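Step one of this worksheet: look at the structure below.
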Amino acid sequence: MPKPIVAVVGRPNVGKSTLVNRLAEKRDAIVHESRGVTRDRSYHTTDWNGREFVLIDTGGIESLKSKDTFAPRIREQALAACDEADVIVFVVDGTVGVTDEDEEVARVVRKVDKPVFLCVNKLDNPETDLEAWGYYSLGVGEPRAISAGHGHGTGDLLDDIVAVLPEPSDDEGVDPNDDALPVAIIGRPNVGKSSLVNRLSGKNRAIVSDVAGTTRDAIDTLVQWKDQKFRLVDTAGMRKKTQVHEDVEYYSLVRGLEAMDRAEVALLVVDCSVGLTEQDQKLAGMAIDRGCALVIVLNKWDLVTDEQQRTDIQSSLDKRMAFATWAPAITTSALTGRAIDRVLATTVRAAEAHARQIKTSQLNDFLSGLRETGHTVSSGKRRLRLQYATQTGTKPPVFTFWCNAPDLVDDNYERYLENRLRESFDLEGTPIRLKFRRKDEKA
(Lines give C-alpha, C1' and ligand atoms only; values in the text may rest on other atoms or scores of the structure.)
Protein backbone atom coordinates (compact mmCIF):
# COMPACT_ATOMS: atom_id res chain seq x y z
CA MET A 1 0.00 0.00 0.00
CA PRO A 2 1.46 3.42 -0.91
CA LYS A 3 2.04 6.04 1.77
CA PRO A 4 -0.90 8.38 2.48
CA ILE A 5 -0.73 11.80 0.85
CA VAL A 6 -1.29 15.27 2.31
CA ALA A 7 -1.70 18.17 -0.16
CA VAL A 8 -0.79 21.72 0.92
CA VAL A 9 -2.81 24.27 -1.09
CA GLY A 10 -3.56 27.98 -1.06
CA ARG A 11 -3.13 31.17 -3.05
CA PRO A 12 0.38 32.40 -3.89
CA ASN A 13 2.79 33.60 -1.21
CA VAL A 14 0.94 32.42 1.90
CA GLY A 15 3.85 30.25 3.07
CA LYS A 16 2.95 26.82 1.69
CA SER A 17 6.54 25.83 0.87
CA THR A 18 7.75 27.12 4.25
CA LEU A 19 5.11 24.96 5.93
CA VAL A 20 6.09 21.92 3.84
CA ASN A 21 9.73 22.38 4.87
CA ARG A 22 8.70 22.76 8.51
CA LEU A 23 6.48 19.66 8.50
CA ALA A 24 9.04 17.59 6.57
CA GLU A 25 11.95 18.93 8.67
CA LYS A 26 13.85 19.48 5.42
CA ARG A 27 14.57 22.32 3.01
CA ASP A 28 13.47 20.52 -0.14
CA ALA A 29 10.89 23.08 -1.29
CA ILE A 30 12.17 26.38 -2.66
CA VAL A 31 11.09 29.30 -0.46
CA HIS A 32 11.30 32.91 -1.60
CA GLU A 33 9.39 36.11 -0.98
CA SER A 34 8.56 36.39 -4.70
CA ARG A 35 5.04 35.45 -5.75
CA GLY A 36 4.57 32.18 -7.64
CA VAL A 37 7.92 30.51 -6.91
CA THR A 38 6.33 27.03 -6.75
CA ARG A 39 4.72 26.05 -10.07
CA ASP A 40 4.66 22.27 -10.37
CA ARG A 41 3.56 20.02 -7.53
CA SER A 42 6.48 18.45 -5.67
CA TYR A 43 6.55 15.50 -3.28
CA HIS A 44 8.28 15.29 0.11
CA THR A 45 8.28 12.19 2.32
CA THR A 46 8.08 12.73 6.07
CA ASP A 47 6.87 11.01 9.24
CA TRP A 48 5.34 11.97 12.56
CA ASN A 49 5.32 9.71 15.61
CA GLY A 50 6.34 6.76 13.43
CA ARG A 51 3.66 7.34 10.78
CA GLU A 52 5.06 8.02 7.30
CA PHE A 53 3.20 10.09 4.72
CA VAL A 54 3.90 12.24 1.66
CA LEU A 55 3.47 16.02 1.54
CA ILE A 56 2.62 17.62 -1.80
CA ASP A 57 3.72 21.24 -2.20
CA THR A 58 1.58 22.96 -4.85
CA GLY A 59 1.69 26.20 -6.79
CA GLY A 60 -0.49 29.08 -5.65
CA ILE A 61 -4.05 28.88 -7.01
CA GLU A 62 -4.99 32.20 -8.57
CA SER A 63 -8.23 33.70 -9.85
CA LEU A 64 -9.49 32.42 -13.18
CA LYS A 65 -9.09 36.03 -14.38
CA SER A 66 -5.36 36.09 -13.59
CA LYS A 67 -3.09 37.34 -16.37
CA ASP A 68 -0.21 35.12 -15.23
CA THR A 69 0.82 32.89 -18.16
CA PHE A 70 1.22 29.89 -15.86
CA ALA A 71 -1.91 30.40 -13.72
CA PRO A 72 -4.20 27.92 -15.54
CA ARG A 73 -1.59 25.16 -15.52
CA ILE A 74 -0.59 25.80 -11.90
CA ARG A 75 -4.28 25.51 -11.04
CA GLU A 76 -4.46 22.17 -12.88
CA GLN A 77 -1.47 20.86 -10.90
CA ALA A 78 -3.01 21.96 -7.59
CA LEU A 79 -6.36 20.36 -8.48
CA ALA A 80 -4.54 17.14 -9.39
CA ALA A 81 -2.85 17.22 -5.96
CA CYS A 82 -6.23 17.60 -4.24
CA ASP A 83 -7.62 14.62 -6.17
CA GLU A 84 -4.58 12.54 -5.28
CA ALA A 85 -4.47 13.45 -1.58
CA ASP A 86 -6.05 11.78 1.45
CA VAL A 87 -5.90 15.01 3.51
CA ILE A 88 -5.79 18.68 2.46
CA VAL A 89 -4.04 21.50 4.33
CA PHE A 90 -5.46 24.86 3.17
CA VAL A 91 -3.08 27.73 4.02
CA VAL A 92 -4.05 31.42 4.22
CA ASP A 93 -2.05 34.49 5.26
CA GLY A 94 -3.13 35.66 8.72
CA THR A 95 -1.54 39.10 8.27
CA VAL A 96 -3.90 40.22 5.50
CA GLY A 97 -7.22 38.51 6.23
CA VAL A 98 -9.44 36.69 3.76
CA THR A 99 -8.90 37.66 0.10
CA ASP A 100 -10.84 36.96 -3.08
CA GLU A 101 -8.15 34.43 -4.05
CA ASP A 102 -8.59 32.64 -0.70
CA GLU A 103 -12.29 32.35 -1.46
CA GLU A 104 -11.41 30.96 -4.90
CA VAL A 105 -9.25 28.27 -3.29
CA ALA A 106 -12.01 27.54 -0.75
CA ARG A 107 -14.47 26.88 -3.60
CA VAL A 108 -12.02 24.32 -4.98
CA VAL A 109 -11.44 22.67 -1.61
CA ARG A 110 -15.13 22.46 -0.70
CA LYS A 111 -15.74 20.26 -3.73
CA VAL A 112 -13.38 17.61 -2.40
CA ASP A 113 -14.84 15.16 0.12
CA LYS A 114 -11.72 14.80 2.26
CA PRO A 115 -10.50 16.07 5.64
CA VAL A 116 -9.42 19.73 5.37
CA PHE A 117 -7.30 21.70 7.84
CA LEU A 118 -7.55 25.48 7.50
CA CYS A 119 -4.23 26.98 8.64
CA VAL A 120 -3.95 30.72 9.23
CA ASN A 121 -0.23 31.26 8.77
CA LYS A 122 2.31 33.98 9.61
CA LEU A 123 1.01 34.59 13.14
CA ASP A 124 3.99 35.04 15.47
CA ASN A 125 1.76 34.71 18.53
CA PRO A 126 -0.99 32.33 17.39
CA GLU A 127 -2.82 32.34 20.74
CA THR A 128 -3.58 36.08 20.60
CA ASP A 129 -3.13 37.13 16.96
CA LEU A 130 -5.92 35.04 15.37
CA GLU A 131 -9.24 36.79 14.75
CA ALA A 132 -10.97 33.59 13.77
CA TRP A 133 -14.41 34.87 12.86
CA GLY A 134 -13.32 36.20 9.45
CA TYR A 135 -11.97 32.81 8.33
CA TYR A 136 -15.13 30.84 9.12
CA SER A 137 -16.61 32.54 6.04
CA LEU A 138 -14.43 30.26 3.88
CA GLY A 139 -16.68 27.36 4.84
CA VAL A 140 -13.96 24.73 5.25
CA GLY A 141 -14.00 24.24 9.01
CA GLU A 142 -12.36 25.74 12.06
CA PRO A 143 -9.34 27.97 11.45
CA ARG A 144 -6.15 27.22 13.36
CA ALA A 145 -3.35 29.70 13.97
CA ILE A 146 0.17 28.67 12.98
CA SER A 147 3.54 30.15 12.17
CA ALA A 148 5.36 27.98 9.63
CA GLY A 149 8.43 30.19 9.98
CA HIS A 150 8.70 29.74 13.76
CA GLY A 151 6.99 26.36 14.07
CA HIS A 152 4.13 27.55 16.32
CA GLY A 153 1.17 25.19 16.09
CA THR A 154 2.77 22.80 13.61
CA GLY A 155 3.15 19.95 16.10
CA ASP A 156 -0.57 20.02 16.91
CA LEU A 157 -1.30 20.19 13.18
CA LEU A 158 0.80 17.07 12.56
CA ASP A 159 -0.96 15.25 15.43
CA ASP A 160 -4.36 16.00 13.88
CA ILE A 161 -3.23 15.10 10.34
CA VAL A 162 -1.90 11.71 11.44
CA ALA A 163 -5.14 11.06 13.35
CA VAL A 164 -7.24 11.25 10.15
CA LEU A 165 -4.87 9.46 7.75
CA PRO A 166 -6.12 6.13 6.32
CA GLU A 167 -5.38 3.16 8.52
CA PRO A 168 -1.94 1.68 7.69
CA SER A 169 -1.70 -1.78 6.20
CA ASP A 170 0.90 -4.36 7.25
CA ASP A 171 3.06 -3.60 4.22
CA GLU A 172 2.91 0.20 4.36
CA GLY A 173 6.49 0.37 5.65
CA VAL A 174 7.71 -1.24 2.42
CA ASP A 175 8.28 1.36 -0.28
CA PRO A 176 7.43 -0.24 -3.65
CA ASN A 177 9.57 2.37 -5.37
CA ASP A 178 12.82 1.59 -3.54
CA ASP A 179 14.00 -0.30 -6.61
CA ALA A 180 13.22 2.55 -9.00
CA LEU A 181 16.22 3.76 -11.02
CA PRO A 182 16.87 7.46 -10.16
CA VAL A 183 17.32 9.48 -13.36
CA ALA A 184 18.00 13.25 -13.44
CA ILE A 185 16.68 15.16 -16.45
CA ILE A 186 19.14 18.03 -16.95
CA GLY A 187 19.61 20.70 -19.58
CA ARG A 188 19.46 24.39 -20.35
CA PRO A 189 16.14 26.25 -19.96
CA ASN A 190 13.47 25.57 -22.58
CA VAL A 191 15.03 22.55 -24.27
CA GLY A 192 12.01 20.33 -23.58
CA LYS A 193 12.86 18.59 -20.29
CA SER A 194 9.34 18.75 -18.86
CA SER A 195 7.87 17.71 -22.21
CA LEU A 196 10.18 14.70 -22.18
CA VAL A 197 9.11 13.76 -18.64
CA ASN A 198 5.45 14.05 -19.61
CA ARG A 199 6.02 11.92 -22.71
CA LEU A 200 7.95 9.28 -20.77
CA SER A 201 5.35 9.11 -18.01
CA GLY A 202 2.31 9.42 -20.25
CA LYS A 203 0.90 12.08 -17.90
CA ASN A 204 0.91 15.86 -17.76
CA ARG A 205 3.01 15.60 -14.61
CA ALA A 206 5.05 18.78 -15.09
CA ILE A 207 4.00 22.17 -16.43
CA VAL A 208 5.13 22.60 -20.03
CA SER A 209 5.49 26.05 -21.56
CA ASP A 210 7.57 27.83 -24.17
CA VAL A 211 8.59 30.40 -21.55
CA ALA A 212 12.15 29.71 -20.37
CA GLY A 213 12.44 28.84 -16.69
CA THR A 214 9.05 27.22 -16.10
CA THR A 215 10.35 24.48 -13.78
CA ARG A 216 11.99 25.76 -10.61
CA ASP A 217 11.97 22.82 -8.20
CA ALA A 218 13.32 19.34 -8.85
CA ILE A 219 10.28 17.06 -9.20
CA ASP A 220 10.10 13.26 -9.00
CA THR A 221 7.95 11.26 -11.42
CA LEU A 222 7.69 7.47 -11.23
CA VAL A 223 7.58 5.61 -14.55
CA GLN A 224 7.22 1.90 -15.29
CA TRP A 225 8.66 0.61 -18.59
CA LYS A 226 8.66 -3.13 -19.20
CA ASP A 227 10.15 -4.61 -16.00
CA GLN A 228 12.04 -1.46 -15.01
CA LYS A 229 10.87 1.33 -12.71
CA PHE A 230 12.35 4.81 -13.13
CA ARG A 231 12.26 7.79 -10.80
CA LEU A 232 12.60 10.74 -13.16
CA VAL A 233 13.71 14.02 -11.61
CA ASP A 234 12.82 16.97 -13.84
CA THR A 235 15.16 19.80 -12.85
CA ALA A 236 14.99 23.49 -13.53
CA GLY A 237 16.93 24.62 -16.60
CA MET A 238 20.45 25.49 -15.51
CA ARG A 239 21.98 28.64 -16.95
CA LYS A 240 25.53 29.94 -16.80
CA LYS A 241 26.31 31.30 -13.33
CA THR A 242 26.72 34.78 -14.79
CA GLN A 243 23.13 34.57 -16.05
CA VAL A 244 21.61 33.48 -12.74
CA HIS A 245 20.21 36.84 -11.68
CA GLU A 246 17.26 35.84 -9.49
CA ASP A 247 17.71 34.27 -6.06
CA VAL A 248 15.07 31.72 -7.09
CA GLU A 249 17.16 30.68 -10.10
CA TYR A 250 20.17 30.23 -7.82
CA TYR A 251 18.21 27.84 -5.61
CA SER A 252 16.97 26.04 -8.72
CA LEU A 253 20.58 25.52 -9.78
CA VAL A 254 21.35 24.10 -6.34
CA ARG A 255 18.34 21.75 -6.60
CA GLY A 256 19.53 20.60 -10.02
CA LEU A 257 22.96 19.75 -8.64
CA GLU A 258 21.33 17.90 -5.73
CA ALA A 259 19.22 15.94 -8.24
CA MET A 260 22.41 14.82 -9.98
CA ASP A 261 23.89 13.82 -6.61
CA ARG A 262 21.06 11.36 -5.96
CA ALA A 263 20.73 10.11 -9.56
CA GLU A 264 22.47 7.14 -11.12
CA VAL A 265 21.84 8.31 -14.69
CA ALA A 266 21.62 11.86 -16.07
CA LEU A 267 19.73 12.50 -19.29
CA LEU A 268 21.23 15.63 -20.85
CA VAL A 269 18.45 17.12 -22.98
CA VAL A 270 19.73 19.19 -25.90
CA ASP A 271 17.71 21.34 -28.30
CA CYS A 272 18.51 20.01 -31.79
CA SER A 273 17.41 23.26 -33.41
CA VAL A 274 20.30 24.97 -31.57
CA GLY A 275 22.88 22.18 -31.30
CA LEU A 276 25.20 21.55 -28.37
CA THR A 277 26.36 24.67 -26.60
CA GLU A 278 29.10 25.48 -24.12
CA GLN A 279 26.52 25.29 -21.33
CA ASP A 280 25.45 21.77 -22.42
CA GLN A 281 29.11 20.84 -22.24
CA LYS A 282 29.42 22.19 -18.70
CA LEU A 283 26.26 20.41 -17.54
CA ALA A 284 27.61 17.12 -18.88
CA GLY A 285 30.83 17.79 -16.97
CA MET A 286 28.87 18.43 -13.76
CA ALA A 287 27.00 15.14 -14.13
CA ILE A 288 30.22 13.20 -14.79
CA ASP A 289 31.98 14.87 -11.83
CA ARG A 290 29.10 13.67 -9.65
CA GLY A 291 29.54 10.12 -10.91
CA CYS A 292 26.36 9.87 -12.99
CA ALA A 293 26.02 7.70 -16.05
CA LEU A 294 25.21 9.95 -19.01
CA VAL A 295 22.86 9.72 -21.98
CA ILE A 296 22.56 12.64 -24.41
CA VAL A 297 18.98 13.19 -25.60
CA LEU A 298 18.90 15.23 -28.81
CA ASN A 299 15.36 16.56 -28.50
CA LYS A 300 13.20 18.42 -31.07
CA TRP A 301 14.57 16.22 -33.87
CA ASP A 302 11.29 16.88 -35.71
CA LEU A 303 12.56 20.45 -36.28
CA VAL A 304 15.69 19.21 -38.10
CA THR A 305 14.64 19.42 -41.73
CA ASP A 306 17.74 19.07 -43.87
CA GLU A 307 21.00 17.15 -44.12
CA GLN A 308 23.17 20.18 -43.37
CA GLN A 309 21.47 20.64 -40.00
CA ARG A 310 22.13 17.00 -39.16
CA THR A 311 25.79 17.44 -40.10
CA ASP A 312 26.06 20.57 -37.95
CA ILE A 313 24.49 18.80 -34.95
CA GLN A 314 26.90 15.86 -35.28
CA SER A 315 29.79 18.29 -35.60
CA SER A 316 28.78 20.19 -32.43
CA LEU A 317 28.33 16.84 -30.62
CA ASP A 318 31.80 15.64 -31.65
CA LYS A 319 33.38 18.96 -30.67
CA ARG A 320 31.61 19.64 -27.38
CA MET A 321 31.53 16.06 -26.08
CA ALA A 322 35.04 14.96 -27.02
CA PHE A 323 35.70 14.36 -23.30
CA ALA A 324 32.77 11.90 -23.11
CA THR A 325 32.68 10.02 -26.40
CA TRP A 326 31.41 7.04 -24.39
CA ALA A 327 28.06 8.78 -23.75
CA PRO A 328 25.39 7.51 -26.21
CA ALA A 329 23.30 10.09 -28.07
CA ILE A 330 19.64 9.48 -28.99
CA THR A 331 17.69 11.62 -31.44
CA THR A 332 14.10 12.01 -30.26
CA SER A 333 11.09 14.30 -30.15
CA ALA A 334 9.14 14.70 -26.93
CA LEU A 335 6.42 16.39 -28.97
CA THR A 336 5.80 13.50 -31.39
CA GLY A 337 7.05 10.63 -29.21
CA ARG A 338 9.76 9.65 -31.69
CA ALA A 339 12.26 7.10 -30.25
CA ILE A 340 11.00 7.45 -26.66
CA ASP A 341 11.45 3.71 -26.07
CA ARG A 342 15.07 4.02 -27.25
CA VAL A 343 15.69 6.71 -24.62
CA LEU A 344 14.48 4.37 -21.86
CA ALA A 345 16.31 1.32 -23.25
CA THR A 346 19.57 3.29 -23.50
CA THR A 347 19.08 4.60 -19.96
CA VAL A 348 18.76 1.03 -18.68
CA ARG A 349 21.95 -0.05 -20.49
CA ALA A 350 23.85 2.96 -19.11
CA ALA A 351 22.66 2.11 -15.59
CA GLU A 352 23.78 -1.50 -16.03
CA ALA A 353 27.24 -0.35 -17.12
CA HIS A 354 27.28 2.11 -14.21
CA ALA A 355 26.75 -0.78 -11.76
CA ARG A 356 28.87 -3.36 -13.64
CA GLN A 357 31.44 -5.39 -11.71
CA ILE A 358 34.34 -6.95 -13.58
CA LYS A 359 36.18 -9.92 -12.09
CA THR A 360 39.77 -9.44 -11.00
CA SER A 361 40.81 -12.39 -13.19
CA GLN A 362 39.35 -10.63 -16.24
CA LEU A 363 41.17 -7.42 -15.41
CA ASN A 364 44.47 -9.22 -15.04
CA ASP A 365 43.93 -10.99 -18.37
CA PHE A 366 43.33 -7.51 -19.76
CA LEU A 367 46.66 -6.34 -18.26
CA SER A 368 48.47 -9.30 -19.81
CA GLY A 369 47.21 -8.21 -23.21
CA LEU A 370 48.41 -4.65 -22.57
CA ARG A 371 51.89 -5.84 -21.64
CA GLU A 372 52.15 -7.71 -24.93
CA THR A 373 51.67 -4.42 -26.82
CA GLY A 374 54.65 -2.93 -24.97
CA HIS A 375 52.91 0.43 -24.67
CA THR A 376 53.81 2.23 -21.44
CA VAL A 377 55.36 5.51 -20.19
CA SER A 378 58.87 6.18 -19.00
CA SER A 379 61.06 8.95 -17.61
CA GLY A 380 64.81 8.56 -17.94
CA LYS A 381 65.64 5.05 -16.79
CA ARG A 382 62.30 4.66 -15.00
CA ARG A 383 59.57 2.73 -16.81
CA LEU A 384 55.95 2.22 -15.68
CA ARG A 385 54.97 -1.40 -15.03
CA LEU A 386 51.37 -2.28 -14.19
CA GLN A 387 51.50 -5.34 -11.94
CA TYR A 388 47.86 -6.19 -11.24
CA ALA A 389 44.41 -4.58 -11.11
CA THR A 390 41.06 -4.93 -9.40
CA GLN A 391 37.74 -3.14 -9.37
CA THR A 392 37.33 -1.21 -6.12
CA GLY A 393 34.01 0.56 -6.68
CA THR A 394 30.80 0.81 -8.69
CA LYS A 395 28.33 3.55 -9.65
CA PRO A 396 30.57 4.60 -11.32
CA PRO A 397 33.10 1.77 -11.79
CA VAL A 398 36.46 2.41 -10.08
CA PHE A 399 39.55 0.46 -11.12
CA THR A 400 42.73 0.41 -9.05
CA PHE A 401 46.03 -0.49 -10.70
CA TRP A 402 49.05 -1.45 -8.60
CA CYS A 403 52.29 -0.45 -10.24
CA ASN A 404 55.90 0.40 -9.56
CA ALA A 405 55.72 4.19 -10.17
CA PRO A 406 52.26 5.87 -10.00
CA ASP A 407 53.86 9.29 -10.50
CA LEU A 408 54.74 8.34 -14.10
CA VAL A 409 51.08 8.07 -15.10
CA ASP A 410 50.12 11.14 -17.14
CA ASP A 411 46.81 12.23 -18.69
CA ASN A 412 47.63 10.70 -22.08
CA TYR A 413 48.39 7.29 -20.60
CA GLU A 414 45.28 7.43 -18.42
CA ARG A 415 43.15 8.15 -21.51
CA TYR A 416 44.87 5.29 -23.35
CA LEU A 417 44.11 2.92 -20.48
CA GLU A 418 40.48 4.06 -20.26
CA ASN A 419 39.99 3.57 -24.00
CA ARG A 420 41.44 0.05 -23.82
CA LEU A 421 39.16 -0.80 -20.88
CA ARG A 422 36.14 0.40 -22.81
CA GLU A 423 37.17 -1.66 -25.83
CA SER A 424 37.48 -4.79 -23.67
CA PHE A 425 34.40 -4.39 -21.43
CA ASP A 426 30.89 -3.03 -22.00
CA LEU A 427 31.07 0.34 -20.24
CA GLU A 428 29.06 2.50 -22.62
CA GLY A 429 27.22 5.32 -20.91
CA THR A 430 29.17 5.41 -17.65
CA PRO A 431 32.21 7.39 -16.54
CA ILE A 432 34.97 5.32 -14.98
CA ARG A 433 37.56 6.25 -12.36
CA LEU A 434 41.17 5.04 -12.47
CA LYS A 435 43.46 4.92 -9.45
CA PHE A 436 47.15 4.03 -9.34
CA ARG A 437 48.88 2.68 -6.24
CA ARG A 438 52.28 1.31 -5.33
CA LYS A 439 52.24 -2.39 -4.58
CA ASP A 440 52.69 -1.80 -0.85
CA GLU A 441 49.79 0.72 -0.68
CA LYS A 442 46.17 -0.02 0.20
CA ALA A 443 43.41 0.56 -2.40
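The values are calculated or read from the model by the stated rules, or taken from the named source; none is laboratory data. Given the structure is predicted, the values throughout are model-derived calculations rather than measurements. So basically every Cβ, Gly included, is an ideal-geometry build from the backbone, and we count neighbours across all protein chains shown. The protein model used for the area step is the full one, side chains on, heavy atoms only, and it has no ligands, DNA or RNA in it. Shrake-Rupley method; radii C 1.70, N 1.55, O 1.52, S 1.80 Å.
Treating r as the C-beta distance of Leu303 and Thr325 and R0 as 30 Å, the FRET efficiency rounds to 0.75. All other residues whose Cβ lies under 15 angstrom from that of Val377 are scored, Lys and Arg at +1 and Asp and Glu at -1, for a net of +2.
Taking every DSSP bridge with both residues inside segment 351-436, close to 65 percent are antiparallel. Taking a threshold of 28 Å on the Cα-Cα distance, which of the pairs Lys3/Lys226; Lys16/Lys226; Lys111/Lys229; Lys193/Lys395 fall above it? Pairs exceeding 28 Å: Lys16/Lys226; Lys111/Lys229. In this simple spin-label approximation, Arg422 and Thr390 carry label points 7 Å from Cα along the Cα→Cβ vector, and these lie 2.7 nm apart. Modelled spin-label separation between Asp411 and Lys226, with each label point placed 7 Å from Cα along the Cα-to-Cβ direction: 3.9 nm.
Write down the Kirkwood hydrodynamic radius of segment 278-418, to one decimal in angstroms, obtained as one divided by the mean of 1/r over all alpha carbon pairs. With all distinct Cα pairs of segment 278-418 included, I get 18.0 Å. When nucleic acids and ligands are ignored and a 1.4 Å probe is applied, Trp402 ends up with an accessible area of around 20 Å².
When the surface is traced with a 1.4 Å probe over the full set of protein chains, Arg385 keeps roughly 140 Å² accessible. Take Tyr136: with every protein chain present and a 1.4 Å probe, its accessible area is about 120 Å². Residues Ser17, Ser273 ordered from highest to lowest accessible area at a 1.4 Å probe: Ser273, Ser17.
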